[in-house]
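Engineer: Sharing a structure with you now.
The values are calculated or read from the model by the stated rules, or taken from the named source; none is laboratory data. Just so we're clear, the structure is a prediction, and the values are computed from it rather than from any experiment. Cβ placement follows ideal geometry from the backbone for every residue including glycine, while neighbour counts extend to all protein chains displayed. Accessible surface is based on the protein model in full, side chains and every heavy atom, while ligands, DNA and RNA are left aside. Shrake-Rupley method; radii C 1.70, N 1.55, O 1.52, S 1.80 Å.
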Amino acid sequence: MSYPHSPGGAAVARPLPTVSTGQWTARRTPAAQPAIAARRFEALALLPDGDFTEIVQRAPAHPVFESAFSALARGTIIATEEGPIAIEDLLPGMRVETRDAGFQPLMWIGTITIAPQMPLAHMPARLFRIPVDSFGPSRPMPDLMLAPHARLLHRSPKLLDIVHDDSALTPITAFEDGYSVIRVAPASPVSVYHLAFADHHILRANGLEIESYHPGNDMVNKMGGESLRLFLSFFPHVGSLAEFGPMVAPRLSVEEYQSAVAT
């Protein structure tokens, strides 16, 4: 992931300081246990002056980190003010169409690579293919390939009893049925991405409503101290978890979705 120029055309060479993952695992992992496996994470982030910086660091191969970088596969078409653009061609500062707030400037793009054989990673080497019209006419159009941590906006009056709303962000894994959502194993390495804005938003990816990245309201309970500082170093547009802002819709677990569908 190498972008030598900012949206305005100015060269950018301001990578953030690299945080030593080796030191993090040494302090956080008991001596009697093996260190947590690490993997390479990459991101582009918009700076206050309109330029952007590239962050390339190794960090723990842990679901908290991986979920921030793996929602949309290479080739996903994103609606922008300039027209439909493949996700791998987006740059920070571009204005992306959102469901409730119109076109919003993209603040952050994160990416990792899913490889067929990743024995040390926590995230399985799998993607989810959604064929054309699986969720209705042109939903999606064309076929959409999602990574394991994507969430779709699901609407149903049955959700009122669970999340007190008739729509909720639901993991793609909840929809897997071998027909409308098909689990596939990549034959070769595939780049997957996630997008973040100043606020939480719903985007249209190939016509389907997908959430932008938000760490969730319980992130502080999942990590702390040095691991949290390492995590936030990937997001220079925020200074704390609170700066990700409120969530635009509630989240639904796989179990809650299955319970709602069964009733």
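Engineer: Could you report the range 72-202's accessible area per residue, 1.4 Å probe, as an integer in Å²?
Structural biologist: Normalised by residue count, the accessible surface of the range 72-202 is 45 Å².
Engineer: Any idea how far apart S259 and D143 come out in nm if each label point goes 7 Å out from Cα toward Cβ?
Structural biologist: 3.5 nm
Engineer: Averaged over all directions, how much area does the convex hull of the C-alpha atoms of the range 90-240 cover when projected, in nm²? Before the final figure, lay out the partial values.
Structural biologist: Values: hull surface 42.8 nm².
Average projection, Cα convex hull of the range 90-240: 10.7 nm².
Engineer: Say R0 is 30 Å: what FRET efficiency, to the nearest 0.05, do V56 and A242 get from their beta-carbon distance? Walk me through the intermediate numbers first.
Structural biologist: Details: r = 26 Å, r/R0 = 0.88.
After rounding, the FRET efficiency stands at 0.70.
Engineer: Here's another thing I want to ask about it. Expressed as a rounded percentage, what relative contact order does the range 154-231 have, with Cα pairs under 8 Å and six or more residues apart? Before the final figure, lay out each step's value.
Structural biologist: Details: 46 pairs, mean separation 11.8, N = 78.
Once divided by the residue count of the range 154-231, the mean separation gives 15 percent.
Engineer: Stretched out fully, how many nm does the piece from E81 to V132 gain, at 0.36 nm a residue minus the Cα gap? Could the numbers behind the result be given before it?
Structural biologist: Numbers: separation 51, 0.36 × 51 = 18.36 nm, distance 2.39 nm.
Between E81 and V132, full extension yields an extra 16.0 nm.
Engineer: Then there is this: Probe radius 1.4 Å, ligands and nucleic acids ignored: give me the carbon and sulfur share of the accessible area of the range 89-237 as a rounded percent.
Structural biologist: Values: 3250 of 6330 Å².
That share works out to 51 percent.
Engineer: Continuing with the same structure: How much FRET efficiency would the formula 1/(1 + (r/R0)^6) give for E88 and V184, where r is the Cβ-Cβ distance and R0 is 25 Å, rounded to 0.05?
Structural biologist: On the way: r = 19 Å, r/R0 = 0.75.
The computed FRET efficiency comes out at 0.85.
Engineer: For a Förster distance of 41 Å, can you work out the FRET efficiency between the beta-carbons of D165 and E226, rounded to the nearest 0.05? Spell out each step's value before the answer.
Structural biologist: Details: r = 36 Å, r/R0 = 0.88.
That pair, D165 with E226, gives E of 0.70.
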